Amino acid sequence: MKLLVIGSGGREHALVWKLAQSPHVTRTWCAPGNAGIAGERLAKNQSLVECVNISAEDLPNLLAFAQEKQADLTVVGPDNPLALGIVDLFQKHRLRIWGPTRKAAQFESSKVFSQQFMEKYGIPTARAGTLDDADAARKFAASLGERCVVKADGLALGKGVLICASAAEARKAIDEVMVKKTFGAAGARVVIQEFLEGMEISLHALCDGKTYKLFPASQDHKRALDNDQGLNTGGMGAYSPAPFLNDEQLSKAGRQILDPWLRGCEAEGIDFRGVLYPGVMLTKDGPKVLEFNARFGDPETQVYLPRLENDLVELFDASVSGTLGTVELQWSAAASVCVVMAGGDYPRASSKGKPINGLEEAAQFPNVKVFHAGTALAGDRIVTNGGRILGVTAWAKDLRAAQTAAYTAVDKIHFEGAHFRRDIAAKAH
Ligand code: AMP
């Protein structure tokens, strides 16, 4: 089977690494990929994964490439190509592709769509308003009291969510998004949510349009600095399982969130085949959804896939075919921890061309995998090329052992300006 994987981050490296273990896979391309992805070999025939220089948003060239190479399955990692309709385009040309259609990807590409959907189908979420007028938005924010969260409707490179600690901050945020239009058209409408307190976790569910299979819980670390200080980032590390829900509470949360979600999808004619990733706050009144994503989390994927015992090609195949009902997900008893190493100025700026040392030493440890996120090859050297550079992942019998192993590997790796959090998974202890 010939695979094409789209994307270039740590999530896509983890996907390629896991897919490459499948005996079904004879050839794999990744567009555009990174230096770590280009070093992966297929279990079946030891051939290298081939990176091709086509961006994840260049739909016409991705289509032409998949047609030319006769890819049997295309796997989409990031949200942008999904929101642009890559799945619809490939389906139109009778190519098999894994991921939600443009309509289904609206759960991520429009916060207004998601909020209204959650309210219509009784999915537990924050009290919220969806508004397209700045005056009305200011009034609604004031009605929520001092604290609230202002969210631009559309995709805004992960920056369109503004947490406001006072009424004055809320007015400023509404001004930024709706009047100054800092996020362009993405801010023409906003969702304003009450501020929820609690422990935040990530859920993931593999879906085939009719059914879903819930993953164990995981937890991301969004802020740049230890103790959840500093700027919001794409994610500085993750671990799984997150111990704040036992098995029974996890399946109850799944039923409260995903059962009405699936009923809503049926009622609205949304055929969601892919991964739905709800960001959830565990409040004193139960779990509440903050937002939906329509793809795998990054870095959650890096901690899930080392624990997954199923063949990922078979799972994606079942998700595309609508046969997930016959499949059981199998997870190893191991716990896993991923520590993201970023360039020094992340998330303000990215790092380019700095040589990375110590990757071979880190790779010597058992049950450790260094997933590349922002790396490139310069001659025969691996250099930095992005904001988040590496996701150093370890798995072991429990979270404490996995955390120690991940940081032992991190300490072997050096590049100029390297920055990482020292407290990934600390909340679990
Ligand atoms: P989102 O992209 O909607 O998940 O928002 C980004 C981050 O903002 C989340 O991961 C939360 O940490 C925080 N956040 C979003 N909505 C709320 C809310 N209603 N209450 C508290 N924190 C929130």
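The values are calculated or read from the model by the stated rules, or taken from the named source; none is laboratory data. Note that the coordinates shown come from a computational prediction; the quantities given were computed from them, not determined experimentally. Don't worry about glycine lacking a Cβ; one is built from the backbone with ideal geometry, like all the others, and counts go over all protein chains shown. Accessible surface areas use protein heavy atoms only, side chains included; no ligands, DNA or RNA. Shrake-Rupley method; radii C 1.70, N 1.55, O 1.52, S 1.80 Å.
When the Cα centres of segment 241-266 and segment 269-333 are compared, how far apart do they sit, in Å? For segment 241-266 versus segment 269-333, the Cα centre distance is 11 Å. In the assembled protein chains, residue 200 presents an accessible area of approximately 80 Å² (probe radius 1.4 Å).
The residue among 91, 78, 114 whose Cα reaches farthest toward the positive pole of the charge dipole of segment 65-126, with charges on the beta-carbon of Lys, Arg, Asp and Glu, is 91. Excluding same-chain neighbours fewer than eight residues apart, the aspartates and glutamates reachable from residue 213 by a Cα-Cα span under 18 Å are 247, 248, 259, 266, 271, 300, 309, 311, 314, 317, 328.
A dipole drawn for segment 275-429 from +1 and -1 charges on Cβ atoms has a positive end, and of 335, 350, 308 the residue lying farthest that way is 350. Counting only protein heavy atoms and a probe of 1.4 Å, the accessible surface of segment 35-154 is 46% carbon and sulfur.
Here, the chain yields an orientationally averaged convex hull projection of 19.4 nm² when only Cα atoms define the hull.
Here's the picture: a label point sits 7 Å out from the Cα of residue 55 along the beta-carbon direction, and within segment 1-41 the residues with their amide nitrogen under 17 Å of it are 6-9, 31-34. For the chain, the per residue solvent-accessible surface stands at 41 Å², with DNA, RNA and ligands left out and a 1.4 Å probe. If the elastic network links every pair of Cα atoms under 10 Å, which of 209, 187, 158 fluctuates the most in the Gaussian network model of the chain? Looking only at 209, 187, 158, the largest GNM fluctuation is found for 158. What you get for segment 3-54, charging only the Cβ of Lys and Arg (+1) and of Asp and Glu (-1), is a dipole of about 140 debye around the Cα centre. Given their separation in residues at 0.36 nm each and the Cα-Cα distance between them, residue 352 and residue 365 gain 2.0 nm when the chain is fully extended. How far is helix 59-69 tilted off the main Cα axis of the chain, in degrees rounded to 10, range 0 to 90? Once rounded, one gets 30 degrees.
Straight-distance candidates among the aspartates and glutamates for linking to residue 111, with alpha-carbon spacing under 15 Å and chain neighbours fewer than 8 residues away dropped: 79, 119, 132, 153, 194, 291. Just the ratio, please: alpha-carbon radius of gyration of segment 294-339 over 2.2 N^0.38 Å, N its number of residues. That ratio works out to 1.25.
Applying a threshold of 32 Å to the alpha-carbon distances of 44/352; 44/288; 284/397; 2/397; 252/412; 69/397 flags 44/352; 44/288; 2/397; 252/412; 69/397 as lying beyond it.
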